Amino acid sequence: MGKVYMKLRIMPKDVDVDLEKLKEKVREHAPKNVEIVDFGIQPIAFGLKALLVASVMPDEEGIGDRLIERINELDDVESVEIEAQELV
């Protein structure tokens, strides 16, 4: 079975969300077989910044959806979208 690389863009609910704490929450809520390999911060506008999350996971049905659902459940998250996805 192969692996899938997925890069997500997480939009916080407002400019006051602590992105360092959000990183910790994302790591804690990721499914156990999803490896979070990197984080980045992308300025959007008017002080708002998006959190970029790079992850690697097994190529199994629904695992990416579970990751996105778990992140969306976090209080400080407005939305999650897939920036990139590919087999590695």
Selection count, the range 49-88, where residues are closer than 11 Å to Met11 by Cα and at pLDDT below 95:
0
Among the strands (runs of 3 or more DSSP E) lying completely within the range 3-88, list those that include at least 2 residues that are surrounded by fewer than 16 Cβ atoms within 10 Å (Cβ to Cβ) and β-branched (Val, Ile, Thr).
35-45
Among the residues of the range 36-43, is any polar (S, T, N, Q) and farther than 17 Å from Gly64 by Cβ?
yes
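The values are calculated or read from the model by the stated rules, or taken from the named source; none is laboratory data. Note that the structure is predicted; figures quoted are calculated from it, not measured. Because the Cβ atoms are built from the backbone with ideal geometry, glycine has one as well, and the counts that use them run over all protein chains shown.
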